[in-house]
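S.K.: Questions regarding the structure given below will be posed in turn.
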């Protein structure tokens, strides 16, 4: 009798049975759906019961200042916590991070200081015995990093040239291929990992890597066993493959959940599951063992679980990444090839959760858009966007040639082949401050500290473009080296002290590694260069001869108006910085990638940066991601999109180019039908040009101002900020004001 | 031949209301009318332009955005009154039609001249019916409807597709009687694809102040949008169009 005959009954293909190949399984077994949303079901009674309880808990959490409870006696771990439920008899998908909903985990492996600070900020105290022993016997990632950091990295960090580095908590961004558990069962995965450990003699040319990997694979096997044990505590035996839709979703979720128990990375994304789940749902529907309302119930309840994922954060973290985000990103749709899409009925079911369960920031629903997606799906996604502002779009035709057709988005915009690639998250470097260093000879404009040597101060009365640009190139080269060094150290230590065994266990043993660098202040730097080139910029220097302000006379083109004079400067700048980064050798032979994505840290970066030659005053926020500076993209929405679309993705910003686009409803068309078809056209047009990412908000500025002043009126107001969505009420005032100051494209 | 140069007050690259689909809308300067409710007084004089464009420029501009416009979009000539620059519009429309681009003309039709050649290159005429009665027409825009009527006749002879519009102003034409007479008037027009009633608003007041032009509807409130929508519904019912 063939193994797993029951579980795999009705599935076609053989290759995926012989090796771990979820992608191959999907290709051969999914059913594309090109119809409309007419088939969708409302939420079930069970879901209503569970969600109602959650809503009350979420409200309580909000009232308590954002943190409902913390487990203070036990530290993070896959099997550390007893099973927890929301409403056991009505839950069709089970599993919580701890033994109670919204109760957060203390994770000390990334760094003790930050974990304790977070506890204190929320008014909790760790069990003193646990604390004492952990600190006495366990070295952390944070300790390791600071043992190795160079003096110049410390200076760059201190002055806000590099910010948000994952050197005190989990790096995140790793997506396990959780579907593997459902398709193969844990035992088969362990078997495969054991095969990878059969090597008898070490490879002396790669001694350290070889030993490290052997240790890691053993940890992975241990983690797989723990996932099995954890599932067992909920009454499920996941040693074998899933045999129906409920199990497929439940098994995959256990995999994800293990990662969220073990780690506290900033972004812990889900992957690309809808079409995979759909294969099981379709089989059950055909067998008559599942109804549409039950299928939707499974998806709704899975999504509820993802909405409850929490990590314990410090107030400093919240300043950087506002609104308590977790980036449980779920990638939907995309194309199989040029003609066939991965759109299934379950792609609709996932979007439909925003109707059944109110709009929500999490999971971060991401539509992989292609001009060839079925029109009915495009229209449905646009409709849900217009109604909920909760979806982001990413260009499948831009990414698929580089990542194949089974990649998923991690965090906001980072694409990775599922189970085949992992990422070393590298935070971001401040390009606008770098430009000030080029003018000020490596001195920081706020602290007055000399951060970088070897670059001469520019003493000219009026700034000369060529001269500034030349100095900027020198500075960028040095900064790239500092930045690379910092990340090499961080990820070396993270692997050593806070290895994500459960997530890496759901990858191939030999993975491709990407090191994801990023920049902030992109449009500010481009506009500043444009001002120096096309207008007359006179630095105003303090007594130490550091330019702390600028007098700008005359007009200059600004990024975001589809004006090649400045757009070319912007593209040249980002390409140059990427070229500087990729010169360097990276830890574990990672490949350098780069993103234009700030999340909400554009506010913090701006705060730490002096006045810039584009007229931005000291402390003022940058624009998020690749966005034009607020209010400067004044030639219309499409011009703004065209400028951003020029930023190269392949071999440059291959970790993503984030664009947040806000338009008032009346500018999008008279009625919803018109608005939907126009939004489809806008997204099509943007991505046809090779663009990578767009957040869409269809709302009025007045509504946001009202929500800022009367939060109780808008409990579910969700908006897209930069690569993710947040509940507007969860943002602090500074972030709310920054969102309101952004350009809203209006009818002119 | 006249110089290939158009005078433009503004360009809307994402026009969603002036013609089918998403379009490039050119607002050309110059208008012979002085409608009481005009919300673009800055476009009255031909010399009030902010930019000049050649027909080639217009095509290039269209091409920059054609990925968004898709198959349903195109270019709309609006104003001011685009017929004031009819030669330029003709040159442009010819070039656009050579490139298979949909063209629309958003006009009052109230300009003297022979526009039959131009209309050969226009796919859709968006025509503003200021008023049905002659005296009312004059009261609203300061001119008799003679040119408008001629223009409409040419459109009918050439079988041009029409979108008909009227601005609805409180106490001027916001009652059933007006809607009925408008319906009766439109019933005699063929090729009408769409009728639209636009609610008057006073947002342009500040523009008048800036330009030092007296505002004539100071005591008139904004037209209630819902009421205007009801009137439009009624009009459509009377005309039996959706």
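S.K.: Determine which member of the set A:535, A:531 is without any contact (Cβ under 8 Å) to a residue 40 or more places away in the chain, out of contact with any helix residue (DSSP H, G or I) (no Cβ under 8 Å at 6 or more places or on another chain) and closer than 27 Å to residue A:603 by Cβ.
M.R.: Numbers: A:531 fails: without any contact (Cβ under 8 Å) to a residue 40 or more places away in the chain.
It is A:535.
S.K.: Ok, one more. So is residue A:162 buried (at least 19 other Cβ atoms within 10 Å of the Cβ) and farther than 28 Å from residue A:306 by Cβ or not? Please lay out each step first, then the result.
M.R.: Numbers: buried (at least 19 other Cβ atoms within 10 Å of the Cβ): yes; farther than 28 Å from residue A:306 by Cβ: yes.
Against the criterion (buried (at least 19 other Cβ atoms within 10 Å of the Cβ) and farther than 28 Å from residue A:306 by Cβ), residue A:162 qualifies.
S.K.: Just for region B:1-20: of the residues that are free of Cβ contacts under 8 Å to residues at least 60 places away in the same chain and outside any strand (DSSP E or B), which one is nearest to the other protein chains (Cβ to nearest Cβ)?
M.R.: The extreme case among them is B:16.
S.K.: Here's a follow-up. Please determine, by comparing only the residues of region A:257-274 that are under 19 Å from residue A:366 (Cα atoms) and in contact with a strand residue (DSSP E or B) (Cβ under 8 Å, 6 or more places away or on another chain), which one is surrounded by the most Cβ atoms within 10 Å (Cβ to Cβ).
M.R.: Among those that are under 19 Å from residue A:366 (Cα atoms) and in contact with a strand residue (DSSP E or B) (Cβ under 8 Å, 6 or more places away or on another chain), it is A:270.
S.K.: Given the options A:70, A:130, A:92, name the one that is over 28 Å from residue A:730 (Cα atoms) and buried (at least 16 other Cβ atoms within 10 Å of the Cβ). Walk me through how you get there before you give the answer.
M.R.: Details: A:70 fails: over 28 Å from residue A:730 (Cα atoms); A:130 fails: buried (at least 16 other Cβ atoms within 10 Å of the Cβ).
Checking each option against the conditions leaves just A:92.
S.K.: Being touching a helix residue (DSSP H, G or I) at 6+ places or on another chain (Cβ under 9 Å), crowded, with 24+ Cβ neighbours inside 10 Å and assigned to a strand (DSSP E or B): is that true of residue A:351 here? Walk me through how you get there before you give the answer.
M.R.: On the way: touching a helix residue (DSSP H, G or I) at 6+ places or on another chain (Cβ under 9 Å): yes; crowded, with 24+ Cβ neighbours inside 10 Å: yes; assigned to a strand (DSSP E or B): no.
The answer is no for residue A:351.
S.K.: From the list B:83, B:24, B:46, exactly one residue is within 25 Å of residue B:114 (Cβ to Cβ), in contact with a helix residue (DSSP H, G or I) (Cβ under 7 Å, 6 or more places away or on another chain) and either touching a residue at least 12 places away in the same chain (Cβ under 8 Å) or more than 10 Å from chain A (Cβ to nearest Cβ) (or both). Which is it?
M.R.: So the residue among B:83, B:24, B:46 that is within 25 Å of residue B:114 (Cβ to Cβ), in contact with a helix residue (DSSP H, G or I) (Cβ under 7 Å, 6 or more places away or on another chain) and either touching a residue at least 12 places away in the same chain (Cβ under 8 Å) or more than 10 Å from chain A (Cβ to nearest Cβ) (or both) is B:46.
S.K.: Does residue A:190 satisfy being in a loop (DSSP other than H, G, I, E, B), at pLDDT 95 or above and more than 28 Å from the chain's Cα centre (by Cα)?
M.R.: no
S.K.: Please find, among A:683, A:705, the residue that is under 21 Å from the mean Cα position of the chain (by Cα) and either assigned to a helix (DSSP H, G or I) or surrounded by fewer than 23 Cβ atoms within 10 Å (Cβ to Cβ) (or both). Can you show your working first?
M.R.: Details: A:705 fails: under 21 Å from the mean Cα position of the chain (by Cα).
A:683 is the lone residue from the list that is under 21 Å from the mean Cα position of the chain (by Cα) and either assigned to a helix (DSSP H, G or I) or surrounded by fewer than 23 Cβ atoms within 10 Å (Cβ to Cβ) (or both).
S.K.: Give me the residue from region A:686-702 that is in a loop (DSSP other than H, G, I, E, B) and more than 14 Å from residue A:413 (Cα to Cα) and, out of that set, farthest from the other protein chains (Cβ to nearest Cβ).
M.R.: Filtering region A:686-702 for residues that are in a loop (DSSP other than H, G, I, E, B) and more than 14 Å from residue A:413 (Cα to Cα), the one farthest from the other protein chains (Cβ to nearest Cβ) comes out as A:699.
S.K.: Taking residue B:59 as the residue in question, decide whether it is more than 14 Å from chain A (Cβ to nearest Cβ) and outside any loop (DSSP other than H, G, I, E, B).
M.R.: yes
S.K.: Working only within region B:124-142, note down all residues that are surrounded by 19 or more Cβ atoms within 10 Å (Cβ to Cβ) and either in contact (Cβ under 8 Å) with a residue 40 or more places away in the chain or more than 22 Å from residue B:235 (Cβ to Cβ) (or both).
M.R.: Taking region B:124-142 first, the residues surrounded by 19 or more Cβ atoms within 10 Å (Cβ to Cβ) are B:124-131, B:137, B:140-141.
Result: B:124, B:126, B:129, B:130, B:131, B:140, B:141.
S.K.: So, in region A:630-677, how many residues would count as being outside any helix (DSSP H, G or I), without any contact (Cβ under 8 Å) to a residue 60 or more places away in the chain and within 12 Å of chain B (Cβ to nearest Cβ)?
M.R.: Here the count works out to 3.
S.K.: Which condition does residue A:31 not pass, out of (1) closer than 30 Å to residue A:240 by Cα; (2) in contact with a helix residue (DSSP H, G or I) (Cβ under 6 Å, 6 or more places away or on another chain); (3) in a helix (DSSP H, G or I), if it passes all the others?
M.R.: Among (1) closer than 30 Å to residue A:240 by Cα; (2) in contact with a helix residue (DSSP H, G or I) (Cβ under 6 Å, 6 or more places away or on another chain); (3) in a helix (DSSP H, G or I), the lone unmet condition for residue A:31 is (3).
S.K.: I've got another one for you. Since residue A:562 meets every condition but one in (1) outside any helix (DSSP H, G or I); (2) away from chain B (no Cβ under 14 Å); (3) farther than 19 Å from residue A:475 by Cα; (4) at pLDDT 95 or above, which condition does it not meet?
M.R.: In the conditions (1) outside any helix (DSSP H, G or I); (2) away from chain B (no Cβ under 14 Å); (3) farther than 19 Å from residue A:475 by Cα; (4) at pLDDT 95 or above, residue A:562 misses (2) alone.
S.K.: Where residues in region A:371-403 are more than 30 Å from residue A:728 (Cα to Cα) and free of Cβ contacts under 8 Å to residues at least 60 places away in the same chain, which of them is nearest to the chain's Cα centre (by Cα)?
M.R.: Taking the candidates together, the pick is A:403.
S.K.: Turning to a different aspect of this structure: Suppose we filter region A:153-181 for residues that are closer than 18 Å to residue A:420 by Cβ and in contact with a helix residue (DSSP H, G or I) (Cβ under 9 Å, 6 or more places away or on another chain); how many remain?
M.R.: 8
S.K.: Determine whether region B:126-143 contains at least one residue that is part of a helix (DSSP H, G or I) and touching a strand residue (DSSP E or B) at 6+ places or on another chain (Cβ under 8 Å).
M.R.: No, because not a single residue in region B:126-143 is part of a helix (DSSP H, G or I) and touching a strand residue (DSSP E or B) at 6+ places or on another chain (Cβ under 8 Å).
The values are calculated or read from the model by the stated rules, or taken from the named source; none is laboratory data. Computed from a predicted model, the values in this text were never measured in an experiment. Every residue, glycine among them, receives a Cβ derived from its backbone with ideal geometry; neighbour counts consider all protein chains shown.
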